[in-house]
Amino acid sequence: MIHIPALRFGKVYTSLEKATLVHHVTGEPVAEVSQVTGSMIARDLGQMAQAHKLLAAIPVRDILAMYKKAADYFLNAALPCGDAELTFADYVKNLSATTGSPRVFCDRNARKVHYVLANIEEVIGGLTRGLPLDALDNGYTTAGGRMQAFYPTTDVFGAVLPSNSPGVHSLWVPTIAFKIPLLLKPGREEPWTPFRVLQAFLKAGVPPQVLGFLPTDHAGAADILRLCGRSMAFGDDKTMAPYKNDHRVEIHGTGYSKFILGEDQADHWEKHLDVLVEGVAANGGRACVNASAVWTPRNGAAIAEGLAKKLAGVKARPSDDPACEISAFANPAVAEGINALIDEGLKTPGAVDVTEKIRGTPRLVKDGRCAWLLPTIIRVDSPDHPLANKEFLFPYAAVVEWPQDDVLKRIGYTLAATVLSDDPGFIADALACANIERLNIGPLPTNRLTWDQPHEGNLFTHLYKQRALQHARPAGAGV
Amino acid sequence: MKDTPGKPAPVTGATLDERIKNARAGLDAQVREIVRWHFSPETGTPFWLEKAKEFSFDPLKDVNGWDDVKKFPVFEDEWLRGGPVRKWVPKAYADRGVYVFETGGTTGLPKSRIVIDDFKIDYEMMSDTLPDQYFPKGSNWLMLGPSGPRRLRLAIEHLAQYRGGICFAIDLDPRYVVRCIKERKIAEANAYKEHCIAQAVTVLAGGHDIKCMFTTPKLLAALDEALRAGKLEDKYRELGKKVPPGGLRSIKAAGITGIFSGGTEFTPQFTREAYEEMLDDGEVYMTPTYGNTLMGLACSKPIGPADGFKISYYAPQPRAVIEVVNPKDYNEVVPYGGTGRVLLTTLTKEFFVPRFPERDEGEREPPFEKYPWDGVSGVRPFAELAGGTVVGVY
């Protein structure tokens, strides 16, 4: 069995307390992961001012070169994983084994992480909106004839990570390029990607003193969010509620992402069907940018049926089947709980599970230790129905009919919205809508990313603040 | 300070086997004496005199040694919830001053236990296990633990006095912390913890020559965090005192040489972390203890890296007995090394608790020279109950 140690900013630490990760199908142990306590985290964070200075002293160009090397190592090298060495294929296999996510998804999403590593300059250019790189070395730049100055908001960036998809790791990867030490708290079942990225960084020359891999429990995670000057955390609305007003914590919670059809496209819904299917079901429907609702001024029943027909053929398959379209739940109780919640919601009049009718079989599939939830499209007759605004860890969407002139006021918080309309007035309203964080206009799925733009918060503006700066003796002027 | 009357004589014997045999004989004698005391109409405890009417045996005649304790039904903690509390005071002690101590109150109405001298005897016995090198006689103590209607507060003060010192304390209400956690007011709970640590830092800055301390694992970690963040140095500056060369950024630097710790769950990993990272690789001595209001205090074998920071507790026999039993059959003690539920029996003239299933489980440990009776290691919340209560909040 593989043992994955904690990395305590330069110290490889094997704890007496370990979490055992098992194969989602066989229940056999795959790995054990050393756990640390909140007080250890607090102690390690005491060294961060020094670590920050160490990293800040490395020219950004050198760091970017390390990213290039790390990208290559991430994909092509056998990298240490505790007492073993794992190739990329081994890593994908283990990742799939402990999370239940199909290998084909794991591979695809891990390559997104590789993309960010390999194209870091493009990514940080997107996050900084083209800020010249010398600003990261000097704290300011006068390129373009204007003074632009920034200062770091923290000595360390903490990331409390989920277990559901390796794609999310692309969000914290740029941290080192921004010269901020990095503390990762992996999701319980997904230590693989964070550990591999850090090993690639280390092999590429990033100083170990600026990298922390600290598996811990909920209390330890809370300590990370309490003690890091800036952090990001993934969790449901209830878990994240205490941090809602804490500007230091960037919350990645429920996305409530949506498709919104305008009056002009509601009758042409069929030509958008593939985009709708991709938005709802791509990547197993687990991401917060997967759509969980389709709002349309009319044809709700037809759209629900069209979507359901497309998705009703999706089957539960073993995670190593390249044709996999949905993930297994490594913990079947979670799938059972979600299934029960939907069934309970259906008892409230005004909702129909259209997919189940077409498929003719239940949405919950169980086989041994595993469970799957098959795609589910619910037609609801009101945005107030309990199933109208729900998001689950599988392809799920509610189809709601609502007039265009009121829809943007009714959608509520929406991480990613695709507005299917060519109506300039409606598009202008969508551009001005404060409920929407990421906006796609036209036939683009909600989960489509562009790496040269900030997404799900902006890491740069989280880690740096702009300041006014006047320099009476510019560099080179002497004293 | 003189010993409080009632302290048992040490176990004698040239070999371990002899000591085990003698300890067992002492336990049998204790069972006879205590059961007669609580069930005799002259000295007995009103609760037990009433309860005995339901028994199919006569405790005065049919209980003649440890094996006969099995005749008593399993003690139900509900009996300790609510009054009148006088029903627990033996008739023979009717004219004595009585304390009432309560459990944390993490599971509803707290359990109450009456005490007269037991806490003094328990802690005097505990004192005999402390190494003088780290707990110097005459040195002062800090009680960094719960206050209020708890045994610990008075017991630690008595321990300090028994060893010739004076004990400083803080105000700490663990029930408030439980409420914060249940209501998910995490920031409020943390603020309260900081308030408690700030009190401790103030005491340490007061120039009272404090060398010994009681604390819980969580508060030890919180104090360490505060010291490393320079809170004691800040307090010195605030008070206009000079920060000594070398600083005050560790428990050792703050002058503490010995820590008696307990109150909540202790894991080997926490013990290792404390030893290696908070206490300068064991230069500050820490002894974990396992105890509660019902039992008294179980001491641990000395801890350290040699045995992987394993913590084995031994009850203060013959005044209390720990058994590790099959959770489905409390009459069946598990084999050495086996896992089971902790079953507690308390046998003092003040309090008789036969066969009380604790909220904890652990592994059965064999006797050894110092404690020639069974112990328990790896104590943790009983798996079947874990999750139902908020434990270890301070």
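The values are calculated or read from the model by the stated rules, or taken from the named source; none is laboratory data. None of these values were measured; they are calculated from a predicted model. With ideal geometry, Cβ positions are generated from the backbone for all residues, glycine too; neighbour counts draw on all protein chains shown.
Overview of values
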item	result
Given (1) within 12 Å of chain B (Cβ to nearest Cβ); (2) of a type outside the set (Ser, Thr, Tyr); (3) touching a strand residue (DSSP E or B) at 6+ places or on another chain (Cβ under 8 Å); (4) more than 24 Å from A:Val289 (Cα to Cα), index of the condition A:Asp223 fails	(3)
The lone exception for B:Met278 - which of (1) away from chain A (no Cβ under 14 Å); (2) in contact with a Lys or Arg (Cβ under 9 Å, 6 or more places away or on another chain) it fails	(1)
Qualifying residue in region B:179-202 (condition: in contact (Cβ under 8 Å) with a residue 60 or more places away in the chain, away from chain A (no Cβ under 14 Å) and in contact with a Gly (Cβ under 9 Å, 6 or more places away or on another chain))	no
Residue among B:Val333, B:Val376 that is modelled with pLDDT of 95 or more and either in contact with a strand residue (DSSP E or B) (Cβ under 8 Å, 6 or more places away or on another chain) or within 14 Å of chain A (Cβ to nearest Cβ) (or both)	B:Val333
Subset of region A:406-421 [in contact with a Pro (Cβ under 9 Å, 6 or more places away or on another chain) and part of a helix (DSSP H, G or I)]	A:Val407, A:Arg410
Residue in region A:27-39 that is free of Cβ contacts under 8 Å to residues at least 60 places away in the same chain, of a type outside the set (A, V, I, L, M, F, W, C), more than 14 Å from every other protein chain (Cβ to nearest Cβ) and farther than 24 Å from A:Val168 by Cα present	yes
Which numbered condition A:His24 misses (of (1) over 30 Å from A:Ala335 (Cβ atoms); (2) modelled with pLDDT under 95; (3) more than 14 Å from chain B (Cβ to nearest Cβ))	(1)
Candidate set: region B:45-91, residues that are under 26 Å from the mean Cα position of the chain (by Cα) and basic (Lys, Arg); chosen: the one nearest to B:Ala23 (Cα to Cα)	B:Lys70
Count of region A:239-279 residues which are over 23 Å from the mean Cα position of the chain (by Cα) and either surrounded by 14 or more Cβ atoms within 10 Å (Cβ to Cβ) or not assigned by TED's automatic domain parsing to the domain that holds A:Val407 (or both)	9
Strands (runs of 3 or more DSSP E) wholly inside region B:251-311 that include at least 2 residues being of a type in the set (A, V, I, L, M)	B:296-300
Of all residues making up region A:290-326, the number that are closer than 20 Å to A:Ile441 by Cα and either basic (Lys, Arg) or in contact with a His (Cβ under 8 Å, 6 or more places away or on another chain) (or both)	1
Selection count, region B:205-234, where residues are within 12 Å of chain A (Cβ to nearest Cβ) and either hydrophobic (A, V, I, L, M, F, W, C) or assigned to a helix (DSSP H, G or I) (or both)	13
Positions within region A:40-54 being away from chain B (no Cβ under 13 Å) and either polar (S, T, N, Q) or in contact with a strand residue (DSSP E or B) (Cβ under 6 Å, 6 or more places away or on another chain) (or both), in sequence order	A:Gln50
Some residue of region B:231-240 being touching an Asp or Glu at 6+ places or on another chain (Cβ under 8 Å) and buried (at least 22 other Cβ atoms within 10 Å of the Cβ)	no
Index of the failed condition, A:Phe234 passing every other in (1) more than 22 Å from A:Asp155 (Cα to Cα); (2) touching a residue at least 12 places away in the same chain (Cβ under 8 Å); (3) of a type outside the set (S, T, N, Q)	(1)
Residue match in region B:196-204 (condition: in a loop (DSSP other than H, G, I, E, B) and more than 18 Å from the chain's Cα centre (by Cα))	no
Residue tally, condition in contact (Cβ under 8 Å) with a residue 60 or more places away in the chain and in a helix (DSSP H, G or I), over region B:41-57	1
Subset of region A:99-118 [over 20 Å from A:Pro174 (Cα atoms), surrounded by fewer than 24 Cβ atoms within 10 Å (Cβ to Cβ) and touching a residue at least 60 places away in the same chain (Cβ under 8 Å)]	A:Arg103, A:Val104
Residue that is farthest from A:Val289 (Cα to Cα), among those in region A:363-380 that are at pLDDT below 95 and in a loop (DSSP other than H, G, I, E, B)	A:Gly368
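Table: residues versus (1) under 23 Å from B:Lys111 (Cα atoms); (2) in contact (Cβ under 8 Å) with a residue 40 or more places away in the chain; (3) aliphatic (A, V, I, L, M).
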position: B:Thr267; (1), (2), (3): no, yes, no
position: B:Arg272; (1), (2), (3): no, no, no
position: B:Tyr275; (1), (2), (3): no, no, no
position: B:Gly296; (1), (2), (3): yes, yes, no
